[in-house]
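Everything below concerns the one structure shown next.
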Amino acid sequence: MAPGTDATRRTVRLAQRGQVEPFHVMEVLKAANQRAASHGDVITLCAGQPSTPAPRPALAAAQRALASGVVLGYTDATGIRALREGIAEHYGQRYRLAVDPDQVIVTTGSSAGFTAVFLAAFEAGDTVLMARPGYPAYRNTLHALGCRVVEIDCLEDTRYQPTVAQLEEYVAAAGTPPAGLIIASPANPTGTIIEPAELAAIATWCEAHGTLLISDEIYHGVTYGMPAASAWETSRSAVLVGSFSKYFSMTGWRVGWLVVPPELVRPIELLVGNLNICAPAVSQVAALGALSDEARVELEGHVRRYAVNRDLLLGRAPEIGVTTMAPPDGAFYLYADVSHLTGDSMAWCFRVLADTGVALTPGVDFDTRIGRQFVRLSFAGGTAEVDEALTRLAAYV
């Protein structure tokens, strides 16, 4: 039978690990792009990315590298030394933490960093805890790697974040501590921050119980009054995950980083060298420019705009009947209960897009239990766009 026929295709063996849940926001984004092409009226409140470009010093650094004639080839698997030193210095400036550059690993976005940590630290069958609602790629990647994911219900009573009391409840029921715990502060989709004292208590608990704490800190820098502490302020046994995507406004450049305990450095170096070789060289050069004082002035201006958008969204949310929501202490999301409007946020988001041109993210991405009554709105765009989106939604409702 000729190659490419249906009979031939049916013989391809598919691994179970590929049968993971989709990242539903990408389906909404695809539909939004189609409507933008046909109608030209889309306002995107679904994507978790800044609407601003990389800071000017980052762009200038990339342009100089491209114009210099220097071949931008492979770097060390763990990243350009100067960038790792710059990231270590960043921790000294922001948190007064002394970080050894040899414990910093540059990754192809934070996504590749999570995968490398999961592979280096967990065996198939290990139990890893995470918050519900929480970022779906944690759950889906761990499932693909054969890990057992236990989601802790975190709603209004815990400010949508896990607590030590919940960890104790888990151990009492399971009889043994989990292999890992993933936290995010500020969190996606809720934007809530774990208060410093509670974060310290969680880090201490994990260290005492032999549970690897993976602290997702990619939204650090985007906060509104409440400080975001780092897990390393309490425990050097934790893994920190950082990114140039959010605060640094460099999503498509695909540069993230890990700060890891010494015993994880070599295993992760071996893994990223095989899986990715290295993060894009030109992006690493740009990222070093993004760490400059000049860039920080520009980036703090972005945060002030997010704060304006946040206040606008909170002030106008009652116009669409939203009164229950997570308090967005940081990041650029509002996670809102829309159960008064729908029992199926996935279908509702597609109807809203079709009828108004406003793209929202359904809560089913983040909560496998009650996510159908929630939506996530991103306020990372321009203030005028956010205002217009709310005007359309209010009229629609």
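Here are the numbers for the structure shown:
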quantity	calculated
Accessible area of the stretch 134-293 belonging to carbon and sulfur atoms, whole % at 1.4 Å probe	55 percent
Chymotrypsin sites (Phe, Trp or Tyr not before Pro) within the stretch 339-391, DSSP loop, no more than 15 other Cβ atoms inside 10 Å	none
Dipole of the stretch 286-397, positive end: most advanced residue of 383, 350, 315 [Cβ charges, Cα centre]	350
Taking the chain and dividing mean pair separation by its residue count, relative contact order in percent (alpha carbons under 8 Å, at least six apart)	24 percent
Residue (of 210, 120, 98) at the positive-pole extreme of the chain, dipole from beta-carbon charges	120
Of the trypsin sites (Lys or Arg not before Pro) in the stretch 1-108, those whose Cβ has at most 16 other Cβ within 10 Å and which sit in DSSP loop	10, 13, 96
Proximal charge balance of residue 144 [Cβ under 13 Å; K/R count +1, D/E count -1]	+2
The stretch 45-162 - Kirkwood radius from inverse mean 1/r over Cα pairs (Å)	17.8 Å
Cα-only radius of gyration and Dmax that characterise the stretch 341-397, units Å	11.5, 34
Entry for Cα extents along the principal axes in Å (calculated from the structure that is shown) out of (i) 71, 69, 36; (ii) 66, 59, 55; (iii) 76, 50, 34	(ii)
Accessible area expressed per residue, the stretch 192-333, with surrounding protein chains retained (probe 1.4 Å, Å²)	35 Å²
Extension gain (nm, one decimal) between residue 208 and residue 354, 0.36 nm per residue minus Cα-Cα	47.4 nm
Choice from 110, 51, 68 showing the highest fluctuation, given a GNM over the chain with Cα pairs closer than 10 Å	68
11 Å beta-carbon shell around residue 22, net charge (K/R +1, D/E -1)	-2
Gap separating the Cα centres of the stretch 31-107 and the stretch 251-288, nearest whole Å	12 Å
Vicinal HN-Hα couplings computed from phi for the stretch 46-55 (Karplus, 6.51 cos²θ - 1.76 cosθ + 1.60; Hz; Gly/Pro x)	9, 7, x, 9, x, 8, 9, x, 4, x
Segment residue 165-residue 41, length gained on full extension (0.36 nm per residue, minus Cα span)	39.9 nm
Percent of beta bridges antiparallel (DSSP, the chain, rounded to nearest 5)	45 percent
Net +/- balance of residues flanking residue 237 in space, Cβ distance below 11 Å, scoring K and R +1, D and E -1	-1
Net length gained if the chain between residue 319 and residue 123 were fully extended (0.36 nm per residue, minus Cα distance)	65.7 nm
Relative contact order of the stretch 255-336, pairs being alpha-carbon contacts under 8 Å that are 6 or more residues apart, as %	18 percent
The stretch 322-388 - percent of accessible surface contributed by carbon and sulfur, probe 1.4 Å	50 percent
Residue-averaged 222 nm ellipticity for the chain, from DSSP H runs of 4+ at -39500 (n - 2.57), nearest 500	-13500 deg cm²/dmol
Candidates 282, 375, 255: whichever shows maximal mean-square fluctuation once the chain is modelled as a Gaussian network with Cα springs under 10 Å	282
Over the stretch 244-397 - Rg/Rh using Cα atoms and the Kirkwood inverse-distance radius	1.07
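The values are calculated or read from the model by the stated rules, or taken from the named source; none is laboratory data. The model shown is predicted, which means the values in this text are computed figures rather than measured ones. Positions of Cβ are generated from backbone atoms using ideal geometry, with glycine treated the same way; all protein chains shown enter the neighbour counts. What goes into the accessible areas is simple: the full protein's heavy atoms, side chains included, and nothing from ligands, DNA or RNA. Shrake-Rupley method; radii C 1.70, N 1.55, O 1.52, S 1.80 Å.
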